[in-house]
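The structure appears right after this line, and notes come after that.
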Amino acid sequence: MASAVAAQSEQTPAPVRRAPKSRTALMFIGLLVLAGLAALLSLFSLRFGSLPVTTREAWDAVFRYNVDSYEQTIVREMRVPRTIIAFFIGGGLAVAGTVMQGVTRNPLGDPSILGVSAGASFGVTTAIFLFGISTPAQFVWFAFPGAAVASVVVYSIASVGRGGPTPVRLALAGVVMSSLLGAWTSALLLMSEQTLDLVRFWSVGSVAGRNLSVLWTMMPFILPATLACLLMGHQLNVLSMGEESARALGMNTQRVRMISSGLVVILTGASVAVAGPIGFVGLATPHIVRSIVGADYRWILPYSFFTGAALLTTADTVGRVIARPSEIQVGVVMAFVGAPFLIALARRRTVAS
Amino acid sequence: MSYLATDNLAIAYDNHVVVDGMSLQITEGTITTIIGPNGCGKSTLLRALARILAPKQGTVLLQGQDIHAMSTTAVARNMGLLSQQAESPDRITVSELVARGRYPHQKFLQPLTKKDLDAVDKALDLADMTSLRDAAVDELSGGQRQRAWIAMLLAQETPLMMLDEPTTYLDVAHEIEVMQLVRRLNREEGRTIVMVLHDINQAASVSDRIIAMRDGRIVADGSPDDVVTIEVLSTLYGVHCDVYQHDHHMPRGRFCMPRSNSNCGACLFAPSRPGFAVSELQTGYGKRVISQDLSLTIPGGLVTAIIGPNACGKSTLLKTIGRLQKRAAGQILLDNTEVSKESHRKLARKLAMLGQGALIPDRLTVEDLVTAGRYPRQSVWQRCSLEDERMVEWALEKCRLLELRDIPVESLSGGQRQRAWFAMSIVQDTPTLLLDEPTTFLDISAQIDLLDIVWQLNRDHGKTIVMVLHDLNLAARYADYIIAMKDGRIAAQGLPTEVIVPEVMQAVYGIESSILTDQATGMPLMIPLRGM
Amino acid sequence: MTSFRQLSETRTFRTSWFSHRINLKVMMLIALAIAILILLMLWAITLGAVDLSIREVWNATWGDGDRKTLLVVRTLRWPRIATAVVIGMALAISGMLFQSIARNPLVSPDIIGINSGATVVAVAWLVIVRNTSQLPLAAFLGAILTAAIIYLLSWRNGASPDRMILVGIGVASMTQAVTALILVRFPLEQIRPAVVWTMGSIYGSTWRDVVITSLVVLVSLPFAILLMQPLRAMSLGDNVTRSLGIPLEMTRLGVILIGCALAAVSVAFAGPIGFVALMVPHMARMIAGPQSGGVLVFSGILGGIILLLSDTLALHFLPVVLPVGVVTGAIGAPYFLFLLYRSNSRM
């Protein structure tokens, strides 16, 4: 009988991929290399920009700071904060996108799906309109409630009735919510010229001119939320096998969904507050990472973090270099990198809607 | 002793009661199978047993404890479920999938321990998947994929395993592969197994106990010999079945075959029209070639069945000759005319195709659906001619849908829905009909129902019928001519008595079989020897 | 069972060369909607800074009245109201076409990327070229060009609707990025008209606008109605469509061409007005039943009513005058969310 089964599998041989002797070690080394690459790209971000700076000056600005040097001051005061911000926002958005895709089991999952970005934008615009605030550090406090309220509304509309929040329902409610908030934001912009002037710079998505105080305001949100997301790998692994299988394995799927959605809201809200809505990092990164790492979210998540960080830092550097002496905002650069990616993704295979 | 028990269990969706007052005990170390017609509540019951659904009334007791009072982890350590809706994540390997079954034994953030790894190895070994442990699940054959999922369940190390229709979509060889594994897990590992199965004969071959359900209640409960009887099957499905007792074969047991209402089984030998003449056909999707240099003749005016294992290219062949799919090379003649030379509309007046994967728009009534089939016969001005109306009435009557004509298609049962789609195909009023697995997901009475109509259309109206069928015994009964395919090639063709023979079964499916004679029709009846 | 039949009462008209089945309920709804639309137009035209009675309006329409009244009625109010109605129709019809071809209730020209293509060209035109006279033409070309790019990029053994949606989202985000880039690169007073345009408005419509838009709608409508028959069969899936002898790609291309022409002409003259194309077809189907030629016409008229109502609201009943696009978005979206909530909770 055993021979009969063996004969069966011989008749239909499946391609056998030989595993490396120690996959874990290999993956760990890969992660270190990726982290090193991200760090290197961040250093490039210090070195290149609209003002020509030598490598030496950039180095000194970080390690042997001389206040009298104009170049070093530029590096220290302008480039260091924006690089750090780009690094963490890129990583945070990528992790948020990965979690969204895992939880909704939707290959097009993106933080903007829950209407999170639109909610944050609306919150910030309202605050600029009503209270005349103007710095990203102040934006944070209005971006969060906006993001949270939008996603709670979207989530609750999608989850009423039998079947719960399916990917399609979430997407539908998210798109509608985004349009609704977009219309209201437009109305505000029309009524106030000053608001329009501020919002247009913020809404294009940029990390320019953010100083360290912004960094300190957002870090308490982004760092813990990112860390918490990185720890969700095990749960996402099980959830990706289907709702019923996950529940049969003893998982409280409702609770996992709630927690992870909350983390996504925090990450997206904080990122939007600081840098405005930046698309595609959350969408593209998980796909790139999955094609390299495989299906294990415990590896996908940290890989996504560093890939997203590297991607956004590089996009920011590129935007500064190609349009010297002015610069192209990172949101625009990301759209031009990400959109072809999305189109290629759409062309390559049928993505289940 | 009873491991799992229910006490007066009732389950309802909204106010629609699906399972009604069910009390049963599952004994440790047995294989229990739940069977019944479509919509009888068998899958719902299984999901309630596995704590996926909350009952409306009554309790599910696991070793005397209410499962809803236990923690989810505690339940998951004692019983596992292989859901029908299980999805394998992209690019996952077999061993990764199996390792996920360790979830209930792991603590938050705890990496796989030695014990977990051992459990994974053991599960892979039991499921005979060790040699494929690093293969991607997407690239496995259907039977291997199902075995990988069962290994996942094994890694959960639960004394009780529940499987929801683990053999859907599988051909007869893969079915045997999975059933052998289930049997072995029970006999050698002492696992208690509860399954929902579609196929009565499969259930009879593997189970210690069969629970037959209808309308949310138990109709019969007992050993296969008690349940697979003419009386029980007739109350269960509403059709008369012939039951065969085969003692001299291995395994000994019972085998049933439903009776048809038409007097099918008498083969016609003379084609009344040329039918299809296919030469040097190459089929495939894009760069992927499925069949090459395929030449065959499908007789006109007869019923032809195409059979073969999963992925042998039978559906692709059918779609290609029906021009639903582009051919890569070759010639297809239908009644002496090249198919590709016809306009879309003209071809649609010559052949109709009932395919799979059709969509059902909201609020579409049966009559609307059937009327849509008249499209190729209508013009801008003639949208509702007397002929259209007459044909729609005829098709509705033929498929026994007159009563249901104003009901939205979405609220029909599986069998009724399939009849509605079939009515849409016949209302096209074409001399040729192509049917792609028309009986999938239907229970035996609905299968017989549909195929009886197909039979009448051929015998009374002389239509050429070409169908891909899953069930070999139905193919033998209803077809005049059978084409058996394997790996994109034709392995055998001829009369049912020539094709349904042990040698061909061995060559096409790689299974041992024994051929009986169908009492109702005198046609061959294939019983796979499951070697358990 | 009989009550169900009475509900969807149909009559069959049949002669030797002609036979059609007419759904009486839909016909009555269309008549009702037309009546409401006419009343609404008459009412809307009396509103405004100059108070006019219906009689004065009526006379002035036919050239009877003092010069001021004539100017207000014939040059200012009628063109605007007519534009609102025609654009509303164009949007609703194009939305219905796109939704039935994609078999997805979420799809509308704004989501498929056509509007953003028109927007980027129009914004560039307003900000860089600073010319308003050829603006509709520029926007129209932008829309058509974007649609063509999306169609070509999604072509791979045929242009599947799912692929078109995704490619559309991709193209839209690129063009949106360019729009945003233009908006931050120029001084505020230069970009202001462009920002107003991007919100969708029908300020200062002229008779020329009305003539061109209604010409496009009138030419497209018969084709759209004819296409509803194959579209009905197409809602059953690609395989069924092919086996019924419907040339799938040709029909799709036809629907896309007509839908794009309608969407492009409306965005050209009114800017991107959100939600009408998405929402009105839903409302129409909810009131009148599953898609058919009659329901398409009904949806068009409903679109006219909705846009005219929104414009009237935006112009006369709000503390500040807003572009009509803001009103349709701000009112339409909550309604849509409510619909979604109800349909979810019913399941």
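Computed quantities for the displayed model
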quantity: Boolean, C:R80 is charged (D, E, K, R), at pLDDT below 90 and not in a loop (DSSP other than H, G, I, E, B); calculated: no
quantity: Count of residues meeting criterion [more than 14 Å from every other protein chain (Cβ to nearest Cβ), part of a helix (DSSP H, G or I) and not basic (K, R)] in the range C:194-223; calculated: 14
quantity: Some residue of the range A:155-168 being small (G, A, S), facing chain C (nearest Cβ under 7 Å) and under 30 Å from B:R102 (Cα atoms); calculated: yes
quantity: Qualifying residue in the range C:138-145 (condition: within 12 Å of another protein chain (Cβ to nearest Cβ) and either without any contact (Cβ under 8 Å) to a residue 60 or more places away in the chain or surrounded by fewer than 19 Cβ atoms within 10 Å (Cβ to Cβ) (or both)); calculated: no
quantity: Unmet requirement for C:L52, which otherwise passes all of (1) over 30 Å from B:T371 (Cα atoms); (2) touching a Ser or Thr at 6+ places or on another chain (Cβ under 9 Å); (3) in a helix (DSSP H, G or I); calculated: (3)
quantity: Matching entry among C:L244, C:L262 (being facing another protein chain (nearest Cβ under 8 Å) and at pLDDT 85 or above); calculated: C:L244
quantity: Qualifying position, being outside any loop (DSSP other than H, G, I, E, B) and either at pLDDT below 90 or more than 24 Å from C:S16 (Cβ to Cβ) (or both), among B:L359, B:L347; calculated: B:L347
quantity: Hits in the range B:12-43 - residues which are within 14 Å of chain A (Cβ to nearest Cβ) and free of Cβ contacts under 8 Å to residues at least 60 places away in the same chain; calculated: B:A12, B:Y13, B:D14, B:N15, B:H16
quantity: Residue satisfying all of: in the range C:182-193; surrounded by fewer than 21 Cβ atoms within 10 Å (Cβ to Cβ) and assigned to a helix (DSSP H, G or I); modelled with the highest pLDDT among these; calculated: C:I182
quantity: Every residue from the range A:96-141 that is crowded, with 24+ Cβ neighbours inside 10 Å and closer than 23 Å to A:L212 by Cβ; calculated: A:A120, A:V124, A:I128, A:P136, A:F139
quantity: Among (1) surrounded by 18 or more Cβ atoms within 10 Å (Cβ to Cβ); (2) more than 10 Å from every other protein chain (Cβ to nearest Cβ); (3) not hydrophobic (A, V, I, L, M, F, W, C), the one test that B:P104 misses; calculated: (2)
quantity: Which numbered condition B:T297 misses (of (1) closer than 25 Å to B:S141 by Cα; (2) part of a strand (DSSP E or B)); calculated: (1)
quantity: Any chance B:M467 is part of a strand (DSSP E or B), over 18 Å from B:N261 (Cβ atoms) and modelled with pLDDT of 90 or more; calculated: yes
quantity: Per-region count, the range C:288-318, residues over 11 Å from the mean Cα position of the chain (by Cα) and within 26 Å of C:I45 (Cβ to Cβ); calculated: 14
quantity: Single unsatisfied condition, B:G58 versus (1) within 7 Å of chain A (Cβ to nearest Cβ); (2) at pLDDT 90 or above; calculated: (1)
quantity: Hits in the range B:420-469 - residues which are of a type in the set (D, E, K, R) and on the phi > 0 side of the Ramachandran plot; calculated: B:D429, B:E437
quantity: Residue in the range B:421-429 that is hydroxyl-bearing (S, T, Y), within 20 Å of B:E367 (Cβ to Cβ) and either touching a residue at least 40 places away in the same chain (Cβ under 8 Å) or touching a His at 6+ places or on another chain (Cβ under 9 Å) (or both) present; calculated: yes
quantity: Check on B:D125, loosely packed, with under 15 Cβ neighbours inside 10 Å and closer than 11 Å to B:L154 by Cβ; calculated: yes
quantity: Among residues of the range A:12-50, those that are modelled with pLDDT under 80 and of a type outside the set (K, R), counted; calculated: 10
quantity: C:T251 farther than 27 Å from C:A143 by Cβ, of a type outside the set (F, W, Y) and either over 12 Å from the mean Cα position of the chain (by Cα) or not in a helix (DSSP H, G or I) (or both); calculated: no
quantity: Residue within the range A:216-223 that is under 26 Å from A:T307 (Cβ atoms), under 18 Å from the mean Cα position of the chain (by Cα) and of a type in the set (F, W, Y) present; calculated: yes
quantity: Filtered residue count, the range A:119-164, keeping only those that are modelled with pLDDT under 85, part of a helix (DSSP H, G or I) and more than 24 Å from A:S260 (Cβ to Cβ); calculated: 4
quantity: Selected residue (criterion: surrounded by the fewest Cβ atoms within 10 Å (Cβ to Cβ)) from residues of the range C:93-116 that are touching a Phe, Trp or Tyr at 6+ places or on another chain (Cβ under 9 Å) and under 13 Å from C:V276 (Cα atoms); calculated: C:I111
quantity: Any chance B:T371 is under 27 Å from B:T464 (Cβ atoms) and in a loop (DSSP other than H, G, I, E, B); calculated: no
quantity: Residue within the range B:370-387 that is crowded, with 20+ Cβ neighbours inside 10 Å and in contact (Cβ under 8 Å) with a residue 60 or more places away in the chain present; calculated: no
quantity: So C:G237, is it buried (at least 24 other Cβ atoms within 10 Å of the Cβ) and either of a type outside the set (S, T, Y) or at pLDDT 90 or above (or both); calculated: no
quantity: Complete set of residues in the range A:44-67 that are part of a helix (DSSP H, G or I) and under 13 Å from A:A86 (Cβ atoms); calculated: A:F44, A:S45, A:L46
quantity: Any hit, the range A:243-257, residues being away from chain B (no Cβ under 14 Å) and either in a helix (DSSP H, G or I) or at positive phi (or both); calculated: yes
quantity: Complete set of residues in the range B:322-344 that are assigned to a strand (DSSP E or B) and either touching a residue at least 60 places away in the same chain (Cβ under 8 Å) or at the interface with chain C (Cβ under 8 Å from one of its Cβ atoms) (or both); calculated: B:L334
quantity: Residue check, C:I128 within 13 Å of another protein chain (Cβ to nearest Cβ), touching a residue at least 12 places away in the same chain (Cβ under 8 Å), surrounded by fewer than 21 Cβ atoms within 10 Å (Cβ to Cβ) and more than 19 Å from A:L283 (Cβ to Cβ); calculated: no
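The values are calculated or read from the model by the stated rules, or taken from the named source; none is laboratory data. Predicted model, so just to flag it, every value in this text is computed and none were measured. Cβ atoms come from the backbone with ideal geometry, glycine included; neighbour counts cover every protein chain shown.
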